[in-house]
Protein chains: 2
Amino acid sequence: MNLLKSTLELIEKPSQPVMDKAQARLDNLTKPLGSLGRLEELAKKISGIMGTERPRISQKTIIVAAADHGVAKEGVSAFPQEVTPQMVLNFLSGGAGINVLARHIGANVLVVDAGVASDIAPHTALLNKKIAYGTKNMATGPAMSMDEAVKTVEAGIETAEAAIKGGASIIGTGDMGIGNTTASSAITAVITGQKPEDVTGRGTGIDDKSLANKVEVIKKAIKANSPDKNNALDILSKVGGFEIGFLCGVILACAANKKPVVIDGFISGAAALLAYVFKPETSDYMIASHCSVEKGHIVALKHMGLKPILDLDLRLGEGTGAALGISIAEAGVKILNEMATFAQAGVSEKNK
Amino acid sequence: MNLLKSTLELIEKPSQPVMDKAQARLDNLTKPLGSLGRLEELAKKISGIMGTERPRISQKTIIVAAADHGVAKEGVSAFPQEVTPQMVLNFLSGGAGINVLARHIGANVLVVDAGVASDIAPHTALLNKKIAYGTKNMATGPAMSMDEAVKTVEAGIETAEAAIKGGASIIGTGDMGIGNTTASSAITAVITGQKPEDVTGRGTGIDDKSLANKVEVIKKAIKANSPDKNNALDILSKVGGFEIGFLCGVILACAANKKPVVIDGFISGAAALLAYVFKPETSDYMIASHCSVEKGHIVALKHMGLKPILDLDLRLGEGTGAALGISIAEAGVKILNEMATFAQAGVSEKNK
């Protein structure tokens, strides 16, 4: 609890004077005012986050946390639970979507077992932060204890802080866990106040009947647990998941250490909502990479005042959207750093 | 005229059987069906274009064509005409937005003088394809002769074919030319049948009064010239521009040589419309990179049945949106090539 507490105490608003300086530089580059739109916005935001009007992005890291969900036994997913550890092995051997996209943008992938329901053979690239062998079934009681909730958030903080100490200048979030859209919908419904049916989608691809069942399971879980919408640990312990709590910790650590954190899709969005309940200032450190097909995601982003960069009909998770978002954010930072000014290039300015 | 004719004759529909094979492979990769959304669409489209279900993108080239416009003297732009050659020098010294973004995605930039109104000192990286010292004022008569129109399209074809012979596997289009949104709005209005006021925007940033004048100038140009909406050369010669005709040639050459061509913003969109009038099959070879702030751009894209990949509020041109679009398209191709299948990774498939 001490690490969580001290991390929250470090989080403050990004620097407005630095953002003003970055804006002044952007306005003086050889282009019509504001003509690089959201690239300029991203450059300015990252300047404020990093506290310098000439931020540099060197090492890019995507942290992919995996865990299982007791609620999977309610028939909420199209895939069997064994897929969680199988996909972890796929991440480790480099064959998953996130591996391909991370290589494409020049990022490294850190794979974490935050609570997979089976043992995974040790691997040099796998970080073992297993809190338990999956959560309990939230439809009938809390998914985890309060102690476990604190532990998984703090494991996320520790992991992100180690990555930052190791040189990461921007971090993307990613997830894997059969059943985790169910937990994410429950978290999103509780925090945003929306009805479960308005924030619940098809996950990996369930049919209408399974979707109706999934909504009922979420309603049952919320009724059985009565989570307090203003208490992130209470929500996490009752209707959350280990990877979601872990990613919440990653986001808190980025905010405390003044690094931009690029939020992937719906599950990462639920983790971001928990971070936002812990401390609303965290949203100033978040970059929303894309708008997921899962309809609860845009609800979560709007609740935090975030606008996604991309809309590519993605719904895979793993950090795939975050990878593409990191590349666009990096493009914005390079515009700020590398473009010539009107004076440098000898280009005439706008007619007065 | 022979080169243009023979190029048009080579353009045919991309291979549907190859696209079917690509789709079958995409459906067998370790992810829920269709969960990589538009990345999968792009991979499939590029497969069909290249005629192989395992397409590879090696060299990426952005062709930036610059030219001046006689209509600039009607006060349609916020910047003076001298900015066109100044920005060409900025491209050559690597300080412009397109240089930064091309470096970011690992593309090379080919800068072309297609008709700048002044002489530009020779430079190893500058291709001189100057047709004339800018177009004539379209508000009072044709912008160029029919012979010049053919010449600029053929110069684009030659340039793109040389780039493809040199190894380019994907080409992005880019433009520079003070006054060229005016020509692009005129072309878009003529081809799509929309009113000039519905396809005319602020370009580099003009005020309300100048915008009203710009719309009047476009109406005057269309009335004075009566371009035939079914004749691309007629439209180009009457209300076009040298860089627009040149980029139209680039697009035709890509279609004829079975290479994907990534369309930048509004000016490239007008060039794409001309290519579409020449032969509608060209749109199957186009990838719309982004949705420009210029309101005529989405009208042009819809006319050709294209949906932009990105919406980042860009309005710079130069190929900046194309650069980012190329990177996303490349990500899609890598997904198709590099992801493991369910069988390869030993991952269980969906519950039946």
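None of the figures in this text is laboratory data; all of them are computed from the coordinates on show. Bear in mind that the values here come from a model prediction, so they are computed numbers and not experimental data. Methodologically, a virtual Cβ is constructed for each residue, glycine included, from the backbone with ideal geometry; neighbour enumeration extends over all protein chains shown.
Helix B:208-225: angle to the longest alpha-carbon principal axis of chain B, degrees 0 to 90, nearest 10?
The two axes meet at around 80 degrees.
Tell me, what is the FRET efficiency for B:Ala125 and A:Gln344 to the nearest 0.05, using R0 = 22 angstrom and their Cβ-Cβ distance as r?
0.75
So, counting K/R as plus one and D/E as minus one, what does the shell of residues with Cβ under 15 Å around B:Ala189 add up to?
That sum, taken over residues with Cβ under 15 Å, equals +3.
Roughly how many debye, to the nearest 20, is the charge dipole of the protein assembly as shown about its Cα centre, given +1 on each Lys and Arg Cβ, -1 on each Asp and Glu Cβ, and no other charges?
About 240 debye.
Need the list of aspartates and glutamates near A:Lys219 for cross-linking: C-alpha distance under 19 angstrom, and skip anything on the same chain fewer than eight residues off.
Straight-distance partners of A:Lys219: A:Glu74, A:Glu197, A:Asp198, A:Asp207, A:Asp208, A:Asp228, A:Asp234, A:Glu294.
Can you give me the long-range amide H partners of A:Asp311? Hydrogens built in the peptide plane at 1.01 Å from N, cutoff under 5 Å, separation of 5 or more residues or another chain.
Distant-sequence amide H within range of A:Asp311: A:Cys291, B:Asp311.
Between A:Lys136 and A:Asn2, what length comes free when the chain is fully extended (0.36 nm per residue of separation minus the Cα-Cα distance, one decimal in nm)?
45.7 nm
Taking only the C-alpha atoms, wrap a convex hull around chain A and report its volume per residue in Å³ as a whole number.
Spread over its residues, the Cα hull of chain A gives 127 Å³ apiece.
Report the Cα centroid-to-centroid distance between segment B:121-144 and segment B:295-323 in angstrom, as an integer.
Segment B:121-144 and segment B:295-323 have Cα centres spaced 24 Å from each other.
Which distances, in nm and shortest first, link the B:Asn2 label point to the same label point in every other copy, taking 7 Å along Cα→Cβ?
Taking the point 7 Å beyond Cα along Cα→Cβ, the inter-copy spacings are 8.6 nm.
Taking the label point as lying 7 angstrom from Cα along the Cα-to-Cβ axis, what are the distances from B:Ala212 to the corresponding position in the remaining copies, in ascending order and in nanometres?
5.9
Per-residue HN-Hα couplings for segment A:256-271, Karplus 6.51 cos²θ - 1.76 cosθ + 1.60 at θ = phi - 60°, whole Hz, x for Gly and Pro?
Values, residue by residue: 5, 9, 6, 10, x, 10, 9, 7, 6, x, 5, 5, 5, x, 5, 4 Hz.
Can you find, among A:Pro260, A:Ala121, A:Asn99, the residue farthest towards the positive end of the dipole of chain A? Put +1 on the C-beta of Lys and Arg, -1 on that of Asp and Glu.
Of the listed residues, the answer is A:Pro260.
Which three extents, in angstrom, do the Cα atoms of segment A:24-134 have along their principal axes, listed largest first?
The Cα atoms of segment A:24-134 stretch 57, 32, 25 Å along the principal axes, largest first.
So if we plug the beta-carbon distance of B:Asp207 and A:Glu82 into 1/(1 + (r/R0)^6) with R0 = 51 Å, what FRET efficiency do we get, rounded to 0.05? Mind dumping the intermediate values first?
Details: r = 63 Å, r/R0 = 1.24.
Efficiency for this residue pair is about 0.20.
Along Cα→Cβ, 7 Å out, is where each label goes; now give me the distance between the ones at A:Asn231 and A:Asp20 in nm to one decimal.
Placing both labels 7 Å along Cα→Cβ, they lie 4.2 nm apart.
From the alpha carbon gyration tensor of segment A:257-352, can you work out the equivalent ellipsoid semi-axes (sqrt of 5 times each eigenvalue) and give them in Å, largest to smallest?
With the √(5λ) rule applied to segment A:257-352, the semi-axes are 32, 15, 13 Å.
For a quick check: with amide H placed at 1.01 Å from N, whose amide H comes under 5 Å from A:Gly172's, ignoring anything fewer than 5 positions away on the same chain?
A:Thr61, A:Ile62, A:Ile63, A:Val262
So what's the back-of-envelope 222 nm ellipticity for chain B, counting only DSSP H runs of four-plus at -39500 (n - 2.57) apiece and dividing by all residues, rounded to 500?
-15500 deg cm²/dmol
If I fit a long axis through the Cα atoms of helix A:83-93 and take the longest principal axis of the Cα atoms of chain A, what angle between them do I get, 0 to 90°, rounded to 10?
For A:83-93 against chain A, the angle is about 40 degrees.
If you plug each phi of segment A:302-307 into the Karplus form 6.51 cos²θ - 1.76 cosθ + 1.60 with θ = phi - 60°, what whole-Hz ³J(HN,Hα) values come out, in order, with x for Gly and Pro?
Residue by residue, segment A:302-307 yields 4, 4, 9, x, 9, 10 Hz.
Could you check which residue among A:Met176, A:Met144, A:Met87 shows the biggest mean-square fluctuation in a GNM of chain A with a 10 Å Cα cutoff?
The residue with the greatest mean-square fluctuation here is A:Met87.
Using Cα springs under 10 Å in a Gaussian network model of chain B, which residue among B:Lys220, B:Lys31, B:Lys151 shows the largest mean-square fluctuation?
Greatest mean-square fluctuation among the candidates belongs to B:Lys31.
Using unit Cβ charges (K, R positive; D, E negative) and no other charged atoms, how large, in debye to the nearest 20, is the dipole of segment A:59-328 about its Cα centre?
Here segment A:59-328 has a charge dipole of around 300 debye.
Can you list, shortest first in nanometers, how far A:Arg54 lies from the same residue in the other copies, with each label 7 Å from Cα toward Cβ?
Here the equivalent label points are 4.6 nm apart from this one.
Could you compute the net charge surrounding B:Val64? Neighbours are other residues with a C-beta less than 15 Å from the C-beta of B:Val64; K and R count +1, D and E count -1.
Charge balance in the 15 Å sphere: -1.
State the Cα centre-to-centre distance between segment A:211-234 and segment A:3-78 in whole Å.
Segment A:211-234 and segment A:3-78 have Cα centres spaced 30 Å from each other.
Convert each backbone phi in segment B:234-244 into a coupling constant with the Karplus relation 6.51 cos²θ - 1.76 cosθ + 1.60 (shift: θ = phi - 60°), then list the ³J(HN,Hα) values in order as whole Hz, x for Gly and Pro.
5, 5, 4, 5, 7, 10, x, x, 5, 5, 6
Per the Kirkwood definition applied to all pairs of different Cα atoms, how many angstroms is the hydrodynamic radius of the protein assembly as shown?
26.1
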